[in-house]
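Asks: Quick one: the structure is below, questions incoming.
The values are calculated or read from the model by the stated rules, or taken from the named source; none is laboratory data. What you see is a predicted model, and the numbers here were worked out from it, not measured in a lab. Because the Cβ atoms are built from the backbone with ideal geometry, glycine has one as well, and the counts that use them run over all protein chains shown. Just the protein is used for accessible areas: all its heavy atoms, side chains included, with ligands, DNA and RNA removed. Shrake-Rupley method; radii C 1.70, N 1.55, O 1.52, S 1.80 Å.
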Amino acid sequence: MDAELKEYSIQSLVKDLRRVVSEASDERDILNRVRPLARRAALSKDSWFEKRFYGTDPEQGFGVHLLHEEPDHALAVFAVSWLPSRGAPPHDHGTWAVVAGVEGPEKNEFFERVDDRSRSGYAELKKIEETVFGAGDVLAMRTGQIHGVRNESGAVSVSLHIYGKNIQHTGRSRFDVETRTETPFVLKIEE
Ligand SMILES: [Fe+2]
């Protein structure tokens, strides 16, 4: 790989994200243009990664580190570290999302909602796909896409997450496939 590509700060990423969002015609366009930026940032971790980003919350199963957000919470960038054999339940984001692998494999399961959304707090999900991604691999998710994450490796994994808006401010949901429930999904953010 071009050595130049390995230098990419979060500040440079954010500058590029601002340009993409101002130029893009729609969400699909944003996702297509953010993909290569996320990959470049993930592969340039020496430019921005700090040891403290390995920090995890044992109760939550993962650690969430905010690297950037705009004053109105737009363009939120997080480093997320996942404990072995832990993960996040099926959830949506309330905005577009692009996730890139930084270290270690992470399993992603994708779901589709199959109920008619007429009952508050009730949701039926059907699993549609599963994929494992590693360093430099990128997942782009439109608003409303539901996925669950699991680190099935024996070591802490790390991924870089970019959202159209900070997911603590989008009113997004988590889902329980067994009990068919939808509840608010609020994260614990590391200091
Ligand atoms: Fe997610």
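Asks: Specify which of the listed residues (ASP115, ASP16, ASP72) is at pLDDT 95 or above and assigned to a helix (DSSP H, G or I). Before the answer, list the steps.
Replies: Working: ASP115 fails: assigned to a helix (DSSP H, G or I); ASP72 fails: assigned to a helix (DSSP H, G or I).
Answer to the selection: ASP16.
Asks: Filter region 135-162 down to the residues that are in contact with an Asp or Glu (Cβ under 8 Å, 6 or more places away or on another chain) and either open to solvent by less than 10 Å² (accessible area, probe 1.4 Å) or within 11 Å of the ligand (Cβ to nearest atom) (or both) and list them by number.
Replies: GLN145, ILE146, HIS147, GLY148, VAL149, ASN151, SER157, VAL158, SER159
Asks: What residue, of GLU182, GLU109, is in contact with a Gly (Cβ under 8 Å, 6 or more places away or on another chain), within 14 Å of the ligand (Cβ to nearest atom), part of a strand (DSSP E or B) and open to solvent by 40 Å² or more (accessible area, probe 1.4 Å)? Walk me through it before giving the result.
Replies: On the way: GLU182 fails: within 14 Å of the ligand (Cβ to nearest atom).
None of the other options fit; the residue is GLU109.
Asks: Is region 72-81 home to any residue that is away from the ligand (no atom under 16 Å from the Cβ), touching a His at 6+ places or on another chain (Cβ under 8 Å) and open to solvent by 40 Å² or more (accessible area, probe 1.4 Å)?
Replies: Yes, that holds for at least one residue.
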